[in-house]
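K.L.:
First the structure, which I've put down as C-alpha cells, then a few questions once you've had a look.
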Amino acid sequence: MAPEAEPLEIPLPVEVFPRFRVEALLRHAAAWLLLIPAVLLIHGYHPWSDDAAIYISGLRKMMQPSLYPGDAAFVLAHTKVSIFSHLLALLASGFRMRLEPLLLLAYLFSAFLFLYACRSFALRVFADEATSWVATLFAAACFTLPVAGTALFIMDPYLSARSFSTPLSLLAVVAALDRRWKRVAFWTLLTGIMHPQMGVYLAGFLVILALVEYRRWRSAFALCALAILGCGAVWLATLHAPFTAAYREAVLSRTYFFPSLWRWYEWIGLGAPLLLLALAWRRTRIDSLAREVSAACVLVGASACIAAFAFVHPQGPYLLARAQLLRNFQIVYVLGLVLLGGLIGQFFSARRQRWPIVALFVAAAGGMLFAQVRMYPGSAHLEWPSAAPANPWGQALVWIRNDTPANAVFAISPVLLNSPAEDLPGFRALAERSVLVDNKDEGVASIFPEVAPAWKQRSDAEAGLRRMTNAERSARLAPWHVTWLLLPPADAASLSCPFRDSAVAVCPLQP
C-alpha cells in the first residue's frame, strides 16, 4: 500500500511567514465566512467616524492633492509617521478603486487578520482546536471592547492604522511563543511602520515576554523598573520645558491622558484585567504558555500604570502624556481576552457542557451590539459604501460634497460639533472640503504641538458665530477666506441657506 500523502503545504520564500496548510484553510473556510460577517453585524461599520476621519482625510489629500489647501497641517500630520494612508492610496491607484469599497474591503481583511491572529495565539497556548475556536469566538464577540484609560477599542468599528497594528502585534506575540525570532522582528517592524507608537510598546512587551520565556525573572523585573525610572528621568528632564497656552488647552481636553482625571470605572478597567491575569499567573502550570503570557502582561501593565500615575499630571510636563503610556494595555487586553475565552472553553468542555459557552457568546455579542448602537444613535449600524447617511449631519456633509465649489472653505458653529445629532462623522473625510476646525483637530493638536497655535486661532475664530451679524462674521473669518457657514437651523432663520435639515443649516457667508 502506498504511504499516505502528506498534507499539501505551500512554502513561502521568506522565512518570516508561517506555512499555510491548504487543507486546514479549506476545512475552516465555512467558519471564517460566517464569523467575519457576524463581526460586521454585531459591531457595525462607521467608515467616517472618530479617528477614521483623521486618516481618511489624509488619504483623500494624498489621492487628490488639491483638497484642503489651507488644512494641510491637520490633514497630513499622521501621514508623516505611518504608512497606512500611503498604502491605501497606492492600492486605490493601482487597482483604480473608489475609496468607499476599498475601505470596506480593507476593514473586512483587518477583521479576518485579527481573528486569525487570535486563533493562532489560542492554538499555541491551549493546543486544542475546539478551545482555540471558543477563544476566537469570544474575541469576535468583544471585538469593539473599550480599553480603559486609552480611548481605544480592541478593534475599531472603522478602518484606521490600529486596524492593522493590533493583529500584526498578535502575530509577533505568536512568533515569540514559537521562538521564531526572525518572524518576531518582521511582524514588529510591520507594526512599527503602520503605527510607530504601538510598535514601540509591542517591542517592549516582546522583550519582557522573551525574558519570562527563558525564566530570566530578575532581568524582567529589572527591565520594568528601569523603564519606570526612564519615564521618571524624562519627566525630570522636561519639567521646565516650555509649552504654549494653546497646546495646554488641547492636551487637557484629553482627560484620559491623566489618571487623576479619570472616573471610577476607568480605574476598574485597568485593575480588573491585571488582577485576573495575576491569578492566571499564579494558578496555571509552571511550564504553561498561559502562565508566561499572563506574567508578561502583568509586568508590562503594572509598569505602565506606575509610570503613568507617577509622572503624568494635568499640571505638566506633557511629553509623557503625549506618549500615552497606558496604550500598553492594548496588547494586555487582547491577550487577556483570548486567554479568558480559552480558559472558559476549557472549563465547560471538560464538563461536556456547551450551552454555557453559547450563552456567554450571545451575552457578550448582545452587550457589544447594544453599546455600539448607543454610541452611534443617529447613524445606520452598517454604513455601506455609497449609501445615503441616515444621520442628518452626514446628509449635510454629502450635500456639501456634491453641491458646493471644490475650493469652498467652511466655518462651523462649535455648538454643532458638541451636539448628539453630530454623531461623530468627520467633516473633511465626508464633505471633502476645507474647514477651520474639524471635530478631530483638537486631538491632532494634543499629539502634535506644532499645530496647536493654528488650532487655537481657528477655534477662537469660530467661537460665538451663531450670535453674530453677517458683517461681524465676515470680518472675523476674512483671514481664512471662509465662504460658507454651518449653523444651527434656529440661528439661521433669517439667512438664505440652500440646505437645511433638523441638525444643521448650510449657508453662504454674506457680507
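The values are calculated or read from the model by the stated rules, or taken from the named source; none is laboratory data. As the structure is a computational prediction, the values presented were derived from the model and not from experiment. Neighbour counts are summed over all protein chains in view; Cβ atoms, including those assigned to glycine, are modelled from backbone coordinates with ideal geometry.
K.L.:
Out of the residues in region 425-452 that are in a helix (DSSP H, G or I) and of a type in the set (Gly, Ala, Ser), which is farthest from Ser160 (Cα to Cα)?
P.N.:
If we take residues in region 425-452 being in a helix (DSSP H, G or I) and of a type in the set (Gly, Ala, Ser), then Ala452 is farthest from Ser160 (Cα to Cα).
K.L.:
All but one of (1) closer than 21 Å to Arg254 by Cα; (2) of a type outside the set (Phe, Trp, Tyr); (3) surrounded by fewer than 22 Cβ atoms within 10 Å (Cβ to Cβ); (4) touching an Asp or Glu at 6+ places or on another chain (Cβ under 8 Å) hold for Leu436; state the number of the condition that does not hold.
P.N.:
The number of the failed condition is (3).
K.L.:
How many residues are within 17 Å of Thr191 (Cα to Cα) and buried (at least 17 other Cβ atoms within 10 Å of the Cβ) when one looks only at region 86-105?
P.N.:
1
K.L.:
Name the residue, out of Tyr68, Tyr55, that is modelled with pLDDT of 90 or more, within 16 Å of the chain's Cα centre (by Cα) and either under 24 Å from Gln395 (Cβ atoms) or not assigned by TED's automatic domain parsing to the domain that holds Thr166 (or both).
P.N.:
On inspection, the qualifying residue turns out to be Tyr55.
K.L.:
Okay, next question. Give the residue, chosen from Trp480, Trp484, that is under 23 Å from Glu442 (Cα atoms) and out of contact with any Cys (no Cβ under 8 Å at 6 or more places or on another chain).
P.N.:
Matching residue, one of Trp480, Trp484: Trp480.
K.L.:
Another question about this same structure. Restricting attention to region 487-508, which residues are assigned to a loop (DSSP other than H, G, I, E, B), closer than 20 Å to Ala431 by Cα and out of contact with any Cys (no Cβ under 6 Å at 6 or more places or on another chain)?
P.N.:
Once the filter is applied, which keeps residues that are assigned to a loop (DSSP other than H, G, I, E, B), closer than 20 Å to Ala431 by Cα and out of contact with any Cys (no Cβ under 6 Å at 6 or more places or on another chain), region 487-508 yields Pro488, Pro498, Asp501, Ser502, Ala503, Val504.
K.L.:
Which one of these does Ala139 not meet: (1) outside any loop (DSSP other than H, G, I, E, B); (2) surrounded by 23 or more Cβ atoms within 10 Å (Cβ to Cβ); (3) touching an Asp or Glu at 6+ places or on another chain (Cβ under 9 Å)?
P.N.:
(3) is the only condition that Ala139 fails.
K.L.:
Right, another one. Being under 24 Å from Arg215 (Cα atoms), modelled with pLDDT under 95 and either of a type in the set (Lys, Arg) or not assigned by TED's automatic domain parsing to the domain that holds Ser219 (or both) is the requirement here; does Arg291 meet it?
P.N.:
yes
K.L.:
Since Pro479 meets every condition but one in (1) closer than 15 Å to Gly70 by Cβ; (2) crowded, with 19+ Cβ neighbours inside 10 Å; (3) modelled with pLDDT of 90 or more, which condition does it not meet?
P.N.:
The number of the failed condition is (2).
K.L.:
Go over the candidates Ile268, Ile306, Ile331 one by one and state the one that is in contact (Cβ under 8 Å) with a residue 40 or more places away in the chain, of a type in the set (Val, Ile, Thr) and within 27 Å of Phe243 (Cβ to Cβ). Talk me through it step by step, then tell me what you get.
P.N.:
Details: Ile268 fails: within 27 Å of Phe243 (Cβ to Cβ); Ile331 fails: within 27 Å of Phe243 (Cβ to Cβ).
Criteria check complete, one pass: Ile306.
K.L.:
Given Ala359, Ala280, Ala295, Ala307, which one is in contact with a Lys or Arg (Cβ under 9 Å, 6 or more places away or on another chain) and either acidic (Asp, Glu) or assigned to a helix (DSSP H, G or I) (or both)?
P.N.:
Values: Ala359 fails: in contact with a Lys or Arg (Cβ under 9 Å, 6 or more places away or on another chain); Ala295 fails: in contact with a Lys or Arg (Cβ under 9 Å, 6 or more places away or on another chain); Ala307 fails: in contact with a Lys or Arg (Cβ under 9 Å, 6 or more places away or on another chain).
Criteria check complete, one pass: Ala280.
K.L.:
So which residues in region 75-119 are over 18 Å from the mean Cα position of the chain (by Cα) and among the aromatic types (Phe, Trp, Tyr), if there are any at all?
P.N.:
Phe95, Tyr116
K.L.:
Give region 114-128 a look and list any residue that's in contact (Cβ under 8 Å) with a residue 40 or more places away in the chain and of a type outside the set (S, T, N, Q), or say none. Outline the logic, then answer.
P.N.:
Going through region 114-128, the residues in contact (Cβ under 8 Å) with a residue 40 or more places away in the chain turn out to be 114-118, 120-122, 124-126, 128.
Of everything in region 114-128, those that are in contact (Cβ under 8 Å) with a residue 40 or more places away in the chain and of a type outside the set (S, T, N, Q) turn out to be Phe114, Leu115, Tyr116, Ala117, Cys118, Phe121, Ala122, Arg124, Val125, Phe126, Asp128.
K.L.:
Do you know which residues across region 370-389 are in contact with a Gly (Cβ under 8 Å, 6 or more places away or on another chain) and closer than 28 Å to Thr131 by Cβ?
P.N.:
Scanning region 370-389 gives a single hit, Gln372.
K.L.:
Looking only at region 329-370, count every residue that is within 28 Å of the chain's Cα centre (by Cα), among the aromatic types (Phe, Trp, Tyr) and exposed (fewer than 13 other Cβ atoms within 10 Å of the Cβ) and tell me the total.
P.N.:
Qualifying residue count, region 329-370: 1.
K.L.:
I'm trying to understand the selection: among the residues of region 167-196, which are crowded, with 19+ Cβ neighbours inside 10 Å, of a type outside the set (A, V, I, L, M) and closer than 18 Å to Val81 by Cα?
P.N.:
Ser169, Trp187, Thr188, Thr191, Gly192, His195
K.L.:
Let me ask another. What do you reckon, is Leu239 part of a helix (DSSP H, G or I), assigned by TED's automatic domain parsing to the domain that holds Arg322 and aliphatic (A, V, I, L, M)?
P.N.:
So Leu239 does not fit the description; no.
K.L.:
Mind checking which pairs have a first residue in region 440-461 that is within 16 Å of Gly70 (Cβ to Cβ) and at pLDDT 90 or above and a second that is surrounded by fewer than 19 Cβ atoms within 10 Å (Cβ to Cβ) and of a type in the set (Gly, Ala, Ser), Cβ under 7 Å, 6 or more apart or different chains?
P.N.:
Every condition considered, the pairs that remain are Val444/Ala77; Val451/Ala73; Val451/Ala77; Ala454/Ala73.
K.L.:
From (1) surrounded by fewer than 24 Cβ atoms within 10 Å (Cβ to Cβ); (2) more than 13 Å from the chain's Cα centre (by Cα); (3) among the hydrophobic types (A, V, I, L, M, F, W, C); (4) modelled with pLDDT of 95 or more, pick out the condition that doesn't hold for Ala130.
P.N.:
Single failed check for Ala130: (4).
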